[in-house]
Amino acid sequence: MIEALFQNLEHRDVLSGAERVLLRATLSKERSFGKGDDIVAEGARPAVSTLLCEGFAARYKITEGGSRQITALHVAGDFVDLHAFLMKTMDHGIVALSPCRVLLAEHGELKSLTENSPHLTRLMWLDTLIHGAIHRSWIVAMGRRSKASHLAHIMCELYVRLQVTGRVEGLSFHLPLSQAEMADVMGLSLVHMNRVIQAMRRENLVTWINQTITILDWDRLRSLAEFDPTYLNLWIEPR
């Protein structure tokens, strides 16, 4: 189950055999969640941090009016709440968007790792920095791009992130989100979300059938999205 994390890290730096052993020992407890389950609840003070190994999850906030805004999507290989190790109290929730399998790292074990393995500490830090970069790109897309461009950017980003862990087939990938859930990602009504998807289909950019998205024209989709993957930091160099 931990292989997705190794694939993620090894697209950024080289892991030693000893570091692999240490990560396996640190992430030794497994749990499963059903679609719709909270992996971590808002306001919780978790004693563990969670690595997503299979499935899709999302960070979210609920407004006083009851509307949900999804602020991040997580795929296999992502720590969904590594920041809780230092922040302690969760200011948002993490929900499973599909059946999920996770590995847990007790915060005491993470503390020991940070004190004894500076290289892995830097890689864990890099993980949080990349999620911060993703968050910034989402803010720009939501605030300054057309809705079609915004959705195209999300599709390009997910394709590249899933490609890292071998979860694409050609130009197709599994996305177990309903249109209502995608509307929560983009801050749209369901009706508006449907219109955006239909417009992209008419332009022969993508198909979205039975939870599978197939990119029909990568260059045009990337151009519409103004997608530059630099913020994902997908190159190997010493950290």
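Below 8 Å between Cα atoms, with a sequence gap of 6+, how large is the relative contact order for the chain in percent? Before the final figure, lay out the partial values.
Details: 395 pairs, mean separation 55.7, N = 239.
Computed value for the chain: 23 percent relative contact order.
With all distinct Cα pairs included, what does the Kirkwood hydrodynamic radius of segment 2-64 come out to in Å, to one decimal, could you say? Intermediate values should be presented prior to the final figure.
On the way: mean 1/r = 0.0707 Å⁻¹.
Hydrodynamic radius (Kirkwood, Cα pairs) of segment 2-64 is 14.1 Å.
Accessible area per residue for segment 38-177 in Å², computed with a 1.4 Å probe and the full protein assembly in place, what is it? Walk me through the numbers before you get to the answer.
On the way: 5790 Å² over 140 residues.
So segment 38-177 comes to 41 Å² accessible per residue, rounded to a whole number.
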How much length would be gained if the chain were fully extended between Ser16 and Glu237, taking 0.36 nm per residue of separation minus their Cα-Cα distance, in nm to one decimal?
78.2 nm
Quick check: the angle from helix 118-144's long axis to the longest principal axis of the chain, C-alpha only, nearest 10 degrees?
20
Which residue, Thr26, Thr230, Leu5, has the largest displacement toward the positive end of the dipole of the chain when charges sit on each Cβ (Lys, Arg +1; Asp, Glu -1)?
Thr230
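Can you tally the lysine pairs in the chain where the Cα-Cα distance is under 24 Å and the two residues are eight or more apart, or on different chains? Walk me through the numbers before you get to the answer.
Details: Lys29/Lys88; Lys29/Lys111; Lys35/Lys61; Lys61/Lys88; Lys61/Lys147; Lys88/Lys111.
So the count works out to 6.
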Evaluated at 37 °C with a viscosity of 0.692 mPa s, what Stokes-Einstein diffusion coefficient in µm²/s does segment 5-116 have when Rh comes from the Kirkwood expression over alpha-carbon pairs?
224
Looking at the P(r) of the chain, how many percent of alpha-carbon pairs lie beyond 27 Å?
34
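For a protection proxy built on the mean count of beta-carbon atoms within 10 angstrom, sort 48-61, 145-158, 179-192, 10-23 highest first, please.
48-61, 145-158, 179-192, 10-23
Hey, any idea what the orientation-averaged projected area of the convex hull of segment 180-239's Cα atoms comes to, in nm²? Working shown, then result.
Working: hull surface 23.5 nm².
That works out to 5.9 nm².
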Report Thr128's accessible area, 1.4 Å probe, all protein chains in place, as a number in Å² to the nearest 10.
50
Nearest 10 degrees, 0 to 90: helix 190-202 Cα axis against the chain principal axis
70
Run the helix sum for the chain: -39,500 (n - 2.57) per DSSP H stretch of 4+ residues, divided by residue count, reported at 222 nm to the nearest 500 deg cm²/dmol.
-13500 deg cm²/dmol
Charge tally for neighbours of Gly108 with beta carbon under 15 Å away, counting Lys, Arg as +1 and Asp, Glu as -1, is +1
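Can you give me the Rg/Rh ratio for segment 118-197, using Cα atoms for both radii and the Kirkwood formula for Rh? If you can, show how the numbers build up before the last one.
Numbers: Rg = 14.8 Å, Rh = 14.2 Å.
The Rg/Rh ratio comes out at 1.04.
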Using every pair of alpha-carbon atoms in segment 85-124, split the distances into 5 Å bins beginning at 0 and state the percent of pairs per bin, rounded to integers.
6, 16, 20, 22, 19, 13, 5, 0
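The values are calculated or read from the model by the stated rules, or taken from the named source; none is laboratory data. Keep in mind that this is a model prediction, so the values were computed, not measured. Positions of Cβ are backbone-derived with ideal geometry, glycine not excepted, and every protein chain shown enters the neighbour counts. Calculation scope for accessible area: heavy atoms of the full protein, side chains included, ligands and nucleic acids excluded. Shrake-Rupley method; radii C 1.70, N 1.55, O 1.52, S 1.80 Å.
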